[in-house]
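Following: one structure in structure tokens, then a few remarks.
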Amino acid sequence: MTIKIVLVDDQEIVRSGLRLLLQSEADMEIVGEAGDGPGALALCHQAEPDVVVLHIEMPGLDGPQITRAIKQQDPSSAIFALGSRRHTAFPRVGQRRRVRLLACARRAYRSC
């Protein structure tokens, strides 16, 4: 069985690196990429991925909002969230988003 993956990050270079890493796996297929939250939701609705790899800080919608919306569309999709240290100028904001993302993922897991 092939694992369908969607990559979501606002930086093309990050998506390219992830694509290079993951496309070499025989049982994984990159079915699409998005550079912002609204694009990610539209793509996930269309592609119905098994896994969504997304950056927690996205323009348009942030990681928790995207996770919540994807899980509402398709509770079976797994979410793999990426963070970065570049947002350390606002440590409380970053921590709050991480907590919201984890809470959202925990609720989605419990509802499965």
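Every number in this text was worked out from the coordinates using simple rules, so none of it is lab data. Just so it is clear, the structure is predicted and the values come from calculations on it, not from any experiment. Don't worry about glycine lacking a Cβ; one is built from the backbone with ideal geometry, like all the others, and counts go over all protein chains shown.
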Residue count, segment 23-67, condition without any contact (Cβ under 8 Å) to a residue 40 or more places away in the chain and more than 15 Å from Ile5 (Cβ to Cβ), comes to 13
Quickly run through segment 70-81 and pick out the residues that are surrounded by fewer than 18 Cβ atoms within 10 Å (Cβ to Cβ) and not in a strand (DSSP E or B).
-> Gln72, Gln73, Asp74, Pro75, Ser76
